[in-house]
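All of the numbers you see were taken from the coordinates with simple rules; none came from a lab. Computed from a predicted structure; not experimentally measured. FYI the Cβ positions are ideal-geometry reconstructions off the backbone, even for glycines, and counts take in every protein chain you see.
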Amino acid sequence: MSTPIKLTINGQSCSCQAGQTILEVASANNIYIPTLCWMKDRSPWGGCRVCIVEIEGSPKVVPACATPAADGSAVTTNSPRLQRLRKMTLELLFSERNHVCPICPMNKGDCGLQHQGYPHGVDSIRFPYLFPALSMDLTGRYFGLDHNRCILCTRCVRTCDEIEGVHTLDIANRGEKNEVVVDLHVGLGESETCTQCGACVAACPTGALFDKAQTYRGKLHSCRTVKTTCPECPVGCGLEVFTKEDRIVEVFGDSDSQLNAGHLCKKGRYETWAAPRHRITQPLLHGKPVSWDEALAFVRQARATSPVWESVLLASPRLTNEAAHAIHAVADKLDRVGTYVVPNEAALVDAPEQPGDVAQHLAEADAFILLGVQPVRDHGVIAARVRTGVRKRGAKLVILDCRRSDLDAYADIAVREVSLERKFWARVAEVLRDAKRPVLIYGPTAMTPVGVSVLDKLTEVFRAQGTGEGPALVGLPSGVNSIGMVAAGVEPVEEVAPWLDAKPVQYLHLVLGDEPDGGAQLLEEKHMADLLAGIPCVVVQASYRSKLTDAAQVVLPATIWAEKTGTLTNFTGRMLPLRPVVPVRGAGRDDAAIVEAVYA
Ligand code: FES
């Protein structure tokens, strides 16, 4: 343990460990220093100079965010000289680009530059405005980049590099020609590396990077905020949702969430709310809007005329635990109830195995082995942990039996099909030779005979190396709440068409909840369209319109994640809360309530 460092800040005695910055020591001692380019959990850059402080005996001012505290030093954080220099720095920042605040969505409350301008008395600019002719990049699907509002603080660049781990953004050119660039100077929409996680937008202190859907919906500081759980994958990231006038203005990651620590992937950040979808807000009978009474009367009549042994309910794996229990409670009124899952998921969700603190294991891993899992596509925040582990900590990466993804570029070994030959496993053993904290992240494919053989081989590798108990195991299902659904007693169905076709079906109730595609994926399975066409009564319970809802006799409108109260069980087995963010739209009802009403 290093000797503690002692210093004074504004005359107040402080102590810290070697390597801590003056800003960290000040903030630990409740001493305020203004910042602009600094950001928690990002490397310090020291570029904006708003955090400058004086150190006794030194003629220079230094940035507190990038200067280590020195033993015996006396630091001053506020003085007429510092105020004057900070004000001048801010004026220079305002004069450099085209900061036309009235037409910026961050104006009056959400802008970091304005936040510093007001207390430093920036009421006019003494320097000539440069008025550069700068472009805007609106080619991105969810967000845009307006170079006119950029202050080159590099918060976006560091976030893209250090948190999402892709380094899509960087700074090009010199002097006043400095600008943020995407890849090798392409548009946001053309980038081959951008994952569209939007972390850069969340990090931007001005309106340079902005979410298209959020623009002019409302000032964030005047919004109501609700903390809830992301409903898009089984990781269960914490969300902080901003709403105004009963609509969502913005979705950010919850920085208090242990799993995602404020970070989100594209699905959580945007697909929860910013992707356009056709919402169903009223019950439909043969495509025509009807009242709930009429719709329920039709469904009950259809049930009464269909024998129980020819009545089936199939549910989405993204329903809440409460909906899963409601379905299980009415199972005796039907022949079969099931939830559709991807092939080989049933065994995975039946007995999920996780180490105690997954977030910590991922944060400290010195080797990742991915087996039959698609984190880039299905669990974006986990993919970000792997990328940053490899790029920042030098962790080894072995990818076995996974689809192609950008992670291949960082891998020591990446194979689509795993060989059981000695030579191949000698290579794996060589790569993992020094791993002390390996993590094995596996998906449904690991449950196949080949997957089990691979697990056996890995066990042999680690046993031969004497790495204690071997890697920490992190199982990642594909279904959002398939673990919760199966735990509630709903049968996992890996192949829907054969399951449906096993016996004659007169009545089929599809409980799809807020499946983003309205359940259209079900029609992609071979023979499904023909099978559904042959069932006399198909009731679809869904939030969004699809080919399935168009073909159903009855459509019952379900609430979406942002309107629900309930819980989801994430991949670690933790029950996470879904809290209502906005009021229910139209005549939508909760999935559990609809199931109870249909089978009352
Ligand atoms: Fe320290 Fe920008 S906050 S230099």
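Among 500, 43, 94, whose Cα projects farthest towards the positive end of the dipole of the chain, with charges put on the beta-carbon of Lys, Arg (+1) and Asp, Glu (-1)? Most positive-ward Cα: 94.
Each of residue 17 and residue 579 was given a label point 7 Å from its Cα along the Cα-to-Cβ line. The distance between the two points is 3.3 nm. Think of the chain as a dipole: +1 on every Lys or Arg Cβ, -1 on every Asp or Glu Cβ, centred on the Cα centre; then among 197, 478, 175, 175 lies furthest on the positive end.
Karplus-based coupling profile of segment 233-241, in residue order and whole Hz: 7, x, 5, x, 5, x, 10, 10, 9, with θ = phi - 60° in 6.51 cos²θ - 1.76 cosθ + 1.60 and x standing for Gly or Pro. Taking the DSSP bridge list for the chain and keeping only pairs wholly inside it, about 50 percent are antiparallel.
Taking the beta-carbon count within 10 Å as an exposure proxy, list 396, 333, 457 from fewest neighbours to most. Show your work: numbers first, answer last.
Numbers: 396 22, 333 13, 457 18.
The most exposed by this proxy come first: 333, 457, 396.
Which Cα, out of 370, 328, 213, lies furthest along the positive dipole direction of the chain (beta carbon charges, K/R +1, D/E -1)? The residue sitting farthest along the positive end of the dipole is 213.
Return the FRET efficiency for the residue pair residue 176, residue 433: r is the Cβ-Cβ distance, R0 is 56 Å, and the value is rounded to the nearest 0.05.
On the way: r = 50 Å, r/R0 = 0.90.
According to the calculation, E is roughly 0.65.
Working note: Karplus 6.51/-1.76/1.60 with θ = phi - 60° gives segment 361-369 the couplings 4, 5, 6, 10, 4, 10, 7, 10, 10 Hz, where Gly and Pro are set to x. Measure nothing fancy, just the Cα-based angle from helix 422-431's long axis to the longest principal axis of the chain, in degrees from 0 to 90, nearest 10. Roughly 40 degrees, rounded to the nearest 10. For residue 479, nonlocal amide neighbours, meaning residues 5 or more places apart or on other chains whose placed amide H falls under 5 Å from its own, are 342. When +1 charges are put on Lys and Arg Cβ atoms and -1 charges on Asp and Glu Cβ atoms, the dipole computed for segment 11-157 relative to its Cα centre reaches about 240 debye. Distance between the pseudo-spin-label points of residue 391 and residue 292 (7 Å out from Cα toward the beta carbon): 4.9 nm.
Ranking of 248, 483 by neighbouring Cβ atoms within 10 Å, starting from the fewest: 248, 483. Less than 5 angstrom separates the built amide H of residue 518 from those of 544, all sequence-distant by 5 or more or on a different chain. Each residue of segment 39-45 was assigned a 3J(HN,Hα) from its phi angle through the Karplus expression (A = 6.51, B = -1.76, C = 1.60, θ = phi - 60°), giving 8, 4, 6, 10, 5, x, 10 Hz with x at Gly and Pro.
Helical content alone sets the calculated 222 nm signal of the chain at -7000 deg cm²/dmol, taking -39,500 (n - 2.57) per DSSP H segment of four or more residues and averaging over every residue.
Please report the relative contact order for the chain, taking Cα pairs under 8 Å with a sequence separation of at least 6, and give it as a percent rounded to a whole number.
On the way: 1249 pairs, mean separation 78.3, N = 600.
Computed over the chain, the figure is 13 percent.
Look at where the Cα atoms of segment 292-340 and of segment 38-98 average out, and the two centres are 64 Å apart.
The charge dipole of the chain, taken about its Cα centre with unit charges on the Cβ atoms of Lys, Arg (+1), Asp and Glu (-1) only, comes to about 1720 debye.
At a threshold of 8 angstrom on Cα-Cα distance, excluding pairs fewer than six apart, so keeping six or more, what relative contact order does segment 129-176 reach in percent?
Working: 32 pairs, mean separation 10.4, N = 48.
Relative contact order, segment 129-176: 22 percent.
In debye to the nearest 20, how big a dipole does segment 454-558 give about its Cα centre with +1 on each Lys and Arg Cβ and -1 on each Asp and Glu Cβ? Mind dumping the intermediate values first?
Values: 6 positive and 14 negative charges, 18 e Å.
That gives a dipole near 80 debye.
In a solvent-free Debye calculation with one equal scatterer on each Cα, what is log10 I(q)/I(0) for the chain at q = 0.05, 0.06, 0.08 Å⁻¹, listed in the order of the q values? For the requested q values the scattering log ratios are -0.27, -0.39, -0.68.
Packing, as the average of other Cβ atoms within 10 Å across residues, places the peptides 5-18, 92-105 in the order 92-105, 5-18, highest first.
Between residue 547 and residue 129, the contour length at 0.36 nm per residue exceeds the Cα-Cα span by 144.9 nm. In this structure the amide hydrogen of residue 239, modeled in the peptide plane, comes within under 5 Å of the amide hydrogens of 228, 229, 230, 254, none closer than 5 places in sequence on its chain. Residue order for 31, 125, fewest other beta carbons within 10 angstrom first, comes to 125, 31. With the Cα gyration tensor of segment 244-362 giving a ≥ b ≥ c as the square roots of its eigenvalues, does the rule (a/c under 1.5 for rounded; else a/b larger than b/c for prolate; else oblate) give rounded, prolate or oblate? Oblate is the answer for segment 244-362, as a/c is 1.5 or above yet b/c matches or exceeds a/b.
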